[in-house]
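K.L.:
Sharing a structure here in structure tokens format.
The values are calculated or read from the model by the stated rules, or taken from the named source; none is laboratory data. None of these values were measured; they are calculated from a predicted model. Positions of Cβ are backbone-derived with ideal geometry, glycine not excepted, and every protein chain shown enters the neighbour counts.
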Amino acid sequence: MSAHIPVAVIGGGLGGLTAARVLHVHGIEPAIFELEASAAARTQGGMLDIHEENGQKALHAAGLYDDFLKIVHEGGQAMRLLGPDGTVYVAEEDDGTGGRPEVDRGDLRELLLGSLPEGTIRWGRKVTGARALGEGRHEVTFADGSTITTDLLIGADGAWSRVRPLVSDAKPAYTGISFVETDLVDADTRHPRSAAVIGGGFFIALGNERGVLAHRETDGSLHVYTALKIDEGWLDTVEFTDPATAKAAVLAHFAGWDERLRGLVADADTITPRRIHALPVGHRWDRVPGVTLLGDAAHVMSPFAGEGANLAMLDGAELALAIAAHPGDTEAALAAYEQALFPRSEASAAESATSLDTMFGQQGLEQMVEFFTSGPAAQSTSR
């Protein structure tokens, strides 16, 4: 038997949670369907800088801005930029005026989760497909064979969205950059050399069309993204179940780099591969009754503009506000939301693609030094 859900959000990431929270604030109660088994199913991890013009705007709409300030990582806006030989070209302290406070993704997710009524999230519901039923209604099928019908289907289900095919044939493509992510736990005690080179906030080392990006986490660990300009299949040639072998394979691409930088891989406690994908810049779709997308489902991009999480939250808030502003007229709400969504996401996706080309080009270090020293105010480039 199929249950009917008037407003169904597929995906319980930051964007979907923000949409649900802002809808709740306006007296509309959606249901979120999330594939993870529970809120504690996996570590969320990663630091985010939350921008005034989008992420913070969404938190104001959600009525959570003051609570957000309580979980900000003090000192997290510090930034260091190094070359392969360990030379420090830029070092900025966090004086609290940067306008982009850092927060742990897991803490932010917990804040949003705690703001929703019990039962809003239906855990362990993996979507396998969705189809139109006509007149703006849709049916969603789950891995356990159950289904729901809905009057408004919101795809907040990430880069490989199961909802996206209802509105678009576009699929994310490999950007040419792969990450190998590492963690160094209890860094000040167990990895003091690495802790010293990273500093108190965000860190970049660039050169030779590759790089290392890192953050100091609120739990005292270091989270590191080693970035390689490499063929899409290269990660498949590395045995990541054998950490020593995987580290050696990665470090072979950083021969001659300062040992403090190599140590961010060599001394790591975990190692995980990840390819970076993106939808085409300017991805958009014709209005399809009863369904829309937000966040990575709508505009997944490389992380080098620092906008992914911020845009997802703003998308969620703006969509919810549009729905609240057009009671009884879903199509007017979705049309208004998408009219603002498309140019906003196109601009950020273009910035992201340009930043990728800059950072991992032959003059990447020199161009980024110029950006931070004579260009716009320092901005994060890895969320």
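K.L.:
Give me the pairs: first residue in segment 260-274 and more than 14 Å from Arg190 (Cβ to Cβ), second residue among the basic types (Lys, Arg), beta-carbon distance under 8 Å, and six or more apart or on different chains, which are they?
P.N.:
Here the result reads Arg260/Arg193; Val265/Lys247; Ile271/Lys247, each pair linking segment 260-274 to a residue that is among the basic types (Lys, Arg).
K.L.:
Of the conditions (1) over 24 Å from Ala312 (Cα atoms); (2) in contact (Cβ under 8 Å) with a residue 40 or more places away in the chain; (3) touching an Asp or Glu at 6+ places or on another chain (Cβ under 9 Å), Ala187 satisfies every one except a single condition; which number is it?
P.N.:
With (1) over 24 Å from Ala312 (Cα atoms); (2) in contact (Cβ under 8 Å) with a residue 40 or more places away in the chain; (3) touching an Asp or Glu at 6+ places or on another chain (Cβ under 9 Å) applied to Ala187, the lone miss is (2).
K.L.:
Determine which member of the set Gly124, Gly134 is in contact with a Leu (Cβ under 9 Å, 6 or more places away or on another chain), over 27 Å from His215 (Cβ atoms) and either surrounded by fewer than 20 Cβ atoms within 10 Å (Cβ to Cβ) or of a type in the set (Lys, Arg) (or both).
P.N.:
Sole residue among the options that is in contact with a Leu (Cβ under 9 Å, 6 or more places away or on another chain), over 27 Å from His215 (Cβ atoms) and either surrounded by fewer than 20 Cβ atoms within 10 Å (Cβ to Cβ) or of a type in the set (Lys, Arg) (or both): Gly124.
K.L.:
Let me ask you something else. Can you give me the number of residues within segment 258-279 that are more than 19 Å from Val197 (Cβ to Cβ), surrounded by 15 or more Cβ atoms within 10 Å (Cβ to Cβ) and either touching a Pro at 6+ places or on another chain (Cβ under 6 Å) or not basic (Lys, Arg) (or both)?
P.N.:
5
K.L.:
I've got another one for you. Within segment 15-56, can you find the residues that are surrounded by 19 or more Cβ atoms within 10 Å (Cβ to Cβ) and β-branched (Val, Ile, Thr)?
P.N.:
Hits for segment 15-56 are Thr18, Val22, Ile32, Ile50.
K.L.:
Restricting to helices (runs of 4 or more DSSP H) lying wholly in segment 217-321: which have 1 or more residues that are among the hydroxyl-bearing types (Ser, Thr, Tyr)?
P.N.:
Helices (runs of 4 or more DSSP H) meeting the threshold: 243-251.
K.L.:
Here is a follow-up. I'm trying to understand the selection: among the residues of segment 152-176, which are surrounded by 16 or more Cβ atoms within 10 Å (Cβ to Cβ) and not hydrophobic (A, V, I, L, M, F, W, C)?
P.N.:
The answer is Gly155, Asp157, Gly158, Ser161, Arg162, Arg164, Ser168, Pro172, Thr175, Gly176.
K.L.:
On the basis of being assigned by TED's automatic domain parsing to the domain that holds His326 and not hydrophobic (A, V, I, L, M, F, W, C), does Glu29 make the cut?
P.N.:
yes
K.L.:
Please go through segment 14-56 and pick out each residue that is polar (S, T, N, Q) and over 18 Å from the mean Cα position of the chain (by Cα).
P.N.:
Correct list: Ser38 only.
K.L.:
Just checking: which of the helices (runs of 4 or more DSSP H) contained wholly in segment 13-131 hold 2 or more residues that are within 28 Å of Ile198 (Cα to Cα)? Outline the logic, then answer.
P.N.:
Values: elements: 14-25, 55-61, 65-69, 105-114.
Passing ranges, in order: 55-61, 65-69, 105-114.
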